[in-house]
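K.L.:
Here it is: the structure, laid out below.
The values are calculated or read from the model by the stated rules, or taken from the named source; none is laboratory data. Note that the structure is a prediction, hence the values are computed from the model and not measured. No Cβ is skipped: glycine too gets one built from the backbone with ideal geometry, and neighbour counts run over all protein chains shown. We work out accessible area using only protein heavy atoms, side chains counted, and drop any ligands, DNA or RNA first. Shrake-Rupley method; radii C 1.70, N 1.55, O 1.52, S 1.80 Å.
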Amino acid sequence: MGKNKYYCKIDGKIYNLKKIQDIIDENPEHPDIAKIYIAAVEEYHLPTNTMLDSVITFNNNEIPADYNEALKRMQEYNQASLPKSPPKLCCPRCGSTDIIRRQGLVGTNLFEEYYICYSCMNTFRRPR
C-alpha cells in the first residue's frame with residue numbers, strides 16, 4: 001500500500017482516505033469523530049454501518065492499513081472486556097434453568113424466597 005499513511009483496504013478495496021487523515025492531523029490526540037464519519041459516508045460513499053470512526057479511535061487515532069482486520073481486533077477486544085455474566089441459577093434436581101422465583105411461607109420463616117423448577121416441579125432455596 002506504499003508509504004502513505006492514509007491508504008486503507010476496506011472489504012478488499014483500497015481507499016485513499018486523505019481527507020480523513022487531514023481531519024486526524026487537525027487534532028491528532030482527539031480527532032473530530034463526527035467529521036470522520038461524515039467524510040466516510042459522504043466523501044467515500046462507505047455504508048453508514050461502517051465503523052471507520054470507531055476503528056480509527058481504537059487504532060490509536062491512525063487509519064489502519066486493513067480496516068477489516070482492525071475491526072476484528074476491536075471486536076475481539078470489546079468482547080473480552082465485557083464482564084462475565086454470573087452463572088444462571090439451575091434446579092439442583094434436574095439441572096433445568098426453567099425456574100421461577102417466588103416468595104412465601106417456607107417452614108417457620110415468613111415470606112422467604114424460594115424457587116420452583118417448571119421441568120420437574122422441584123421447590124428449592126437458592127444455594128448460599
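K.L.:
How much mean residue ellipticity at 222 nm does the chain get from its helices, if each DSSP H run of length 4 or more adds -39500 (n - 2.57) and you divide by all residues, to the nearest 500 deg cm²/dmol? Display every interim value, and only then the final one.
P.N.:
Working: 4 runs with 37 residues, N = 128.
Dividing the helical sum by the residues of the chain leaves -8000 deg cm²/dmol.
K.L.:
How far, in degrees from 0 to 90, does helix 67-81 lean away from the longest principal axis of the Cα atoms of the chain, to the nearest 10?
P.N.:
Helix 67-81 sits roughly 30 degrees off the main axis of the chain.
K.L.:
Assign unit charges at the C-beta atoms only (+1 for Lys and Arg, -1 for Asp and Glu), then state the dipole size of region 25-124 relative to its Cα centre in Debye, rounded to the nearest 20.
P.N.:
On the way: 8 positive and 14 negative charges, 234 e Å.
About 1120 debye.
K.L.:
R0 = 25 Å: FRET efficiency of residue 14 with residue 81, Cβ-based, nearest 0.05? Let's see the in-between values first.
P.N.:
Numbers: r = 31 Å, r/R0 = 1.22.
That gives a FRET efficiency of 0.25.
K.L.:
Loop only per DSSP, at most 11 neighbouring Cβ atoms within 10 Å: give me the trypsin sites (Lys or Arg not before Pro) in region 1-64, ordered by residue number. It would help to have the intermediate numbers written out before the result.
P.N.:
Working: sites: 3, 5, 9, 13, 18, 19, 35; in loops: 3, 5.
Passing sites in region 1-64 are 3.
K.L.:
Here's another thing I want to ask about it. Return the subset of 35/84; 5/84; 9/35; 35/72; 13/84 for which the Cα-Cα distance in this structure is over 31 Å, preserving the input order. Show your work: numbers first, answer last.
P.N.:
Numbers: 35/84 35 Å; 5/84 37 Å; 9/35 20 Å; 35/72 23 Å; 13/84 37 Å.
As for pairs spanning more than 31 Å Cα to Cα, those are 35/84; 5/84; 13/84.
K.L.:
Something else: Output the lone cysteines of the chain: those with no second cysteine's C-beta under 4.7 Å from their C-beta.
P.N.:
8, 90
K.L.:
Something else now. Pick out, in residue order, every one of the GluC sites (Glu not before Pro) in region 1-50 that is DSSP loop and has at most 15 other C-beta atoms within 10 Å; say none if there are none. Walk me through the intermediate numbers first.
P.N.:
Details: sites: 26, 29, 42, 43; in loops: 29.
Here the sparse-neighbourhood loop sites are 29.
K.L.:
I would also like to ask the following. In the set (i) 7.8; (ii) 8.6; (iii) 13.4, which value of mean projected area of the Cα convex hull in nm² was calculated from the structure you see?
P.N.:
Here the calculated entry is (iii).
K.L.:
How many percent of the accessible area of region 27-81 is carbon or sulfur, using a 1.4 Å probe? Display every interim value, and only then the final one.
P.N.:
On the way: 1710 of 3450 Å².
Carbon and sulfur atoms account for 50 percent of the accessible area of region 27-81.
K.L.:
Still on this structure, I have one more. Using label points projected 7 Å from each Cα along Cα→Cβ, tell me how many nm separate residue 34 and residue 22, to one decimal.
P.N.:
Output for this residue pair reads 2.0 nm.
K.L.:
Using the charge dipole of the chain (Lys, Arg: +1 at Cβ; Asp, Glu: -1 at Cβ; taken about the Cα centre), state which of 122, 24, 7 has its Cα farthest towards the positive end.
P.N.:
Farthest along the dipole direction, towards plus: 122.
K.L.:
Still on this model: Treating cross-link reach as a plain straight distance, find the aspartates and glutamates whose alpha-carbon is under 14 Å from the alpha-carbon of residue 19, omitting any fewer than eight places away in the same chain.
P.N.:
32, 42, 43, 53, 62
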